[in-house]
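Contents: one structure, followed by commentary.
The values are calculated or read from the model by the stated rules, or taken from the named source; none is laboratory data. Everything numeric in this text was worked out from a predicted model, so none of it was measured. When the accessible area is computed, the model is the full protein with side chains, heavy atoms only, and any ligands, DNA or RNA have been set aside. Shrake-Rupley method; radii C 1.70, N 1.55, O 1.52, S 1.80 Å.
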Amino acid sequence: MHQPSLLFQPPPSDSTDWADFTDPRDVRQPLWSSNSYPHLAYMPATIRFDGPLFLRLAYNNRTMPLQADRAVWKLSSSVAATWQHLEDTLLFVAGVLIPKLGMIFPLSFTDCPMPRTKGYLRTHKTSNIALQCALKSRDAFLPLIAKCSMAIAHATNDGSPTTSTPWWIEYLKTNHNLHPEMLESLRQSCVGNLSHPWVGVIVHVATCQYFNLIKTMLHVEIPIWFYWGSCKSRPPKAGFKWVDSLCPTPDEVSALLMPNASSSNTSGLPQEPEPLPRLPAPEPKSGQKPGETWQQFFDRQAVRLAQKESCETPEDRRRQLDRERSAADTTRGIPLSGYKVFVWMDEQGFRVRTQINKGEVESWWDNYTKSQRRFNSFDKEWDLCSEFDPELEQSKNPMNFDDGAIELPVWESEEPMGPPPTFATCPIPPTPLQQIWFEDLVWVLGSSGPEVSLTFGGFTEPLDFFVYNRFGFNWWPSGPAYRRVEGVSQVLDQPAWDQVLRTLAAEPAAPPFVREEYKAPIADFVHLMLAGQSLPGALWDLSDSNEHPLHTETPAHHVTLNKINGSNYYFIEPRNPHPSFEPRWTLVMPSAAAVLESIRRELHLRDHVIQYFLDHGIACSTRLCRASTSTPTLHPPLIDHRLQPDVGLGWRPPNYKPDSIDYASYEVARDALLSQPHARAALLHGSIVWRLARESITNENVLIGPTEDVFMHGDVLQTENLEFWDDKLTDQDIDVICGVYKVFTGMF
C-alpha cells in the first residue's frame with residue numbers, strides 16, 4: 001500500500017471532538033482513525049453530486065440559489081426543502097440499517113454535525129452569510145454520505161448474488177415502505193456504489209477500537225495505512241491476529257533504515273515514471289470523451305454539425321432556423337421545455353459536462369450571461385460554462401470566491417450551534433412519505449408523469465393506395481364489375497369491414513377514405529393473405545397475369561440480396577448516383593416488403609427512401625463499408641459510456657404497480673440515453689423503439705451516417721471481402737427506452 005501524500009503527526013490521544021474537523025471538506029483527505037467517527041474512511045475520493053438524489057447539492061459559491069426575504073437572506077425555499085428531504089432520508093437509512101445489522105461501535109461513536117446545524121434552513125442578515133452557511137451545509141452532507149455507505153457496505157458483505165435485489169433494498173422496501181425508484185437511485189449513487197475509489201484512513205493501532213469494522217473496509221477496497229508507532233519502540237498489539245500479522249518484522253524495519261536503502265539514485269534500476277494525474281470521468285451520457293477538454297469537445301462537435309448541415313433539406317433548414325429563433329427568445333428566461341441543458345462543472349480544474357435535470361434549470365440559468373451560453377440547434381441542447389467568457393467571470397466575482405465555504409465574520413445574532421448529538425441519543429427521523437418523495441423527485445426531475453397525447457400516425461392517403469403500396473393490391477375499378485373470390489364469405493356487412501380495417505391497423509371509429517367499389521376486393525385480398533392462399537392475378541402486382549405487374553417497372557434503385565448468417569439483407573444503391581446528393585453510407589433493409597414498397601412509391605433519391613422509412617417507423621440501417629480486416633476489431637478498455645450501468649427502473653417486487661415517480665425517473669433515463677450520438681440507431685430500429693425515440697431524435701441525426709465510434713461499438717454485417725457497419729442499441733439501451741424493469745421471482 002502506498003503511503004499517503006502527507007502523513008500528519010499522530011494525535012496525542014483519540015479525539016472525540018468535532019472541533020478537530022471544523023471544515024467538513026477536511027474529510028476529503030485521509031485522516032487519522034477516530035473512534036468517534038470510523039465512518040469517515042468511507043468518504044469517496046472524488047465527490048460528484050449527480051443523479052436524481054444528489055444533483056440537488058451540485059451548487060457552488062456562484063450558482064447557489066439564494067433569495068431575499070424582506071430584510072434577510074436564505075437558501076431558495078424549494079432547494080432547501082429538497083436538501084431537508086435528502087438529509088432526513090439518509091439519516092433514516094443509516095438509522096434503521098445499523099441496528100438491524102447489529103454493528104458494534106466504540107463507546108465514543110457519534111454523529112458529525114448534521115447539515116441543518118450549518119444553517120441552510122435559517123435566514124441570515126446578509127447574502128454572504130447565507131452563502132457561507134449554504135456551502136457549509138452542502139459540505140456537511142459528506143460525513144452523512146459516508147455513514148450511509150458504511151451501513152450499506154456491511155449489509156452487502158454477505159456473499160449474496162448480485163443478480164438479485166440487494167438485501168438492504170428489499171429490507172427498506174418491504175419493512176419501511178421506501179419507494180423502489182428512490183432506493184435504486186441510492187444504490188447507483190455515491191452512497192450505494194461501492195466500486196469507486198475511497199479516501200481511506202490511517203489507523204493508529206495503539207488507540208483504534210474498531211478493528212472489527214476494518215475487515216469490511218478491506219472487502220470494499222478502502223485504502224488503509226497502519227501506524228505502529230516509533231521504529232525504536234516495541235510495536236503495540238491490536239489484539240487481532242490478522243492485524244498483528246501485518247506489522248513489519250524487526251528485520252524488515254532494519255532493512256528500510258539502512259543507509260541509501262531507499263535511494264533511487266544508487267539502485268541503477270530504471271525508475272517508474274510519476275503517475276499522470278487522474279482526470280475525472282465524464283458523465284456517461286454527456287457526449288464528452290474521457291480526458292476531453294471543453295475546447296476539444298466543441299471542436300469535435302463543430303465537425304459533426306457541419307456534416308449534419310450538409311445533409312439538410314430546405315424543410316430541415318427551416319425547422320433549425322425556427323429553433324434558433326425560439327432559443328434566442330429565452331435569453332432572459334429559462335430554455336424551452338424540450339431542450340436539454342448541460343453545465344460544465346469544474347472538478348479539480350477539469351471541466352466535466354453534466355446534464356441538469358429539468359426542475360433545476362431555472363436555478364442554474366440566471367448565473368450565466370448570454371456570452372456564457374451556447375445553443376446547439378441540431379441537438380436542441382444548451383451548454384453553460386463560465387470559461388466561454390472568462391474575463392466577464394472575473395469582473396462578476398471581484399471577491400474571487402473559490403468553490404468552498406468562504407470565511408466571513410459571523411454575526412452575534414446568529415444562533416449558536418450546539419454539540420452534535422451522540423449516536424445513542426440521535427432520534428431516527430420518521431419514514432419518508434411517498435407523497436413527499438413524489439413532489440421532491442417531480443421538482444428535481446422536472447416531470448409530472450405521463451401526458452395524454454393524440455395517436456401518432458394514421459392514414460394520410462386513401463386506403464386503396466396504402467394497400468397497394470404496402471402489399472401490392474393492384475385492382476382497378478375501370479374494368480368489369482368485381483366478382484367475389486370463391487371460398488371467401490360473401491357477406492361484407494359493417495362488422496366484417498371493421499375487422500378488415502383493424503387488420504390493416506386502421507381505426508373503425510375514424511376510418512380512412514376508401515371508395516365503395518374497393519371494399520370487396522380489399523376484403524378478399526386481406527382474407528387470402530391471412531389464410532396463406534394464392535392471390536388472384538387480378539388483385540396482386542407480383543402476379544404475371546396482373547394487368548400492370550411490378551416486375552415490368554424500372555426501379556430507380558439497384559437492389560442486391562445478400563444472405564448473411566442465415567438472414568436476408570437487401571442493399572439499396574441508386575442506379576445513377578449523384579456525388580453531390582448521395583450520402584457515403586449504404587442503405588440496408590431486412591424486409592423485402594419494405595423494399596417493394598419503396599419501389600411502388602417511386603422514391604427516386606435514396607434520401608427520399610430513408611426519409612420515408614424514418615417517418616413511418618420501418619426498420620433499416622445505414623452501413624459504412626470497408627474491406628474485411630484480417631484480425632478481429634479490438635475494443636479499447638471501458639471507454640464506451642454505454643458499458644456503464646444506466647439509471648433505469650431497476651428491480652421491482654412481484655405484482656408491483658409503477659407510479660408517477662417511476663415514470664418521471666424513466667423519462668430522465670430515456671432522454672439521457674437518446675441524447676447520446678449512437679442513439680440515432682433508435683430511429684432505425686423501427687416499431688415501438690422508433691415511436692418512443694421519435695420526439696427526441698431528428699431525421700438529420702440519422703442522415704449524417706454512423707458515428708465515429710461505429711467500428712469499435714457498432715454492429716457489423718460481414719461478407720466474404722467487405723464489412724458493413726452501423727450504430728446499434730444494446731439490450732440495456734432498448735430496456736431503458738421501453739421502460740422495462742425486472743421482477744425478481746427467484747426463477748432463473
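I need the per residue convex hull volume for the range 336-376, using only the alpha carbons, in cubic angstrom as a whole number. Don't skip to the end; give the middle numbers.
Values: hull volume 3.7 nm³, N = 41.
Taking only Cα atoms, the range 336-376 has a hull volume of 91 Å³ per residue.
Of E221, E312, E184, E362, which has the most accessible area and how do the rest follow, probe 1.4 Å?
E221, E362, E312, E184
Rank these by accessible area, largest first, 1.4 Å probe: R374, R515, R138. Write out the running numbers ahead of the final one.
Values: R374 90, R515 110, R138 10 Å².
Descending accessible area places them as R515, R374, R138.
Where only protein heavy atoms count, and the probe is 1.4 Å, what is the accessible area per residue for the range 95-184 in Å²?
In whole numbers, the range 95-184 has 32 Å² accessible per residue.
Give me the one-decimal Kirkwood hydrodynamic radius in Å for the range 19-148, with the sum taken over alpha-carbon pairs. Provide the component values of the computation, followed by the final result.
Working: mean 1/r = 0.0638 Å⁻¹.
Computed over Cα pairs of the range 19-148, the Kirkwood hydrodynamic radius comes out at 15.7 Å.
On the Cα set of the range 658-725, report Rg and Dmax in Å, please.
Gyration radius and largest Cα-Cα distance of the range 658-725: 14.8, 52 Å.
My understanding is that a pair violates if its Cα-Cα distance is over 27 Å; which of K370/K728; K285/K370; K125/K340; K308/K370; K74/K358; K215/K742 do that in this structure? The partial results should precede the final answer.
Working: K370/K728 37 Å; K285/K370 25 Å; K125/K340 36 Å; K308/K370 25 Å; K74/K358 23 Å; K215/K742 33 Å.
Going by Cα-Cα distance, K370/K728; K125/K340; K215/K742 fall outside the 27 Å limit.
Please list E387, E720 in order of solvent-accessible area, largest first, computed with a 1.4 Å probe with all protein chains present. Don't skip to the end; give the middle numbers.
Numbers: E387 70, E720 165 Å².
Result of the area sort, largest leading: E720, E387.
How large is the accessible surface of V710 in square angstrom, using a 1.4 angstrom probe and rounding to the nearest 10?
Accessible surface of V710 is approximately 0 Å².
Just need log10 I(q)/I(0) for the range 488-580 at q = 0.13, 0.19 Å⁻¹, Debye formula, equal scatterers on the alpha-carbon atoms, no solvent, rounded to two decimals.
Listed by q, the Debye log ratios stand at -0.71, -1.01.
Give me the base-10 log of I(q)/I(0) for the range 519-573 at each q in 0.15, 0.21, 0.22, 0.30 Å⁻¹, Debye formula, one uniform scatterer per Cα, rounded to two decimals.
Calculated log10 I(q)/I(0) at the listed q: -0.67, -0.89, -0.90, -1.03.
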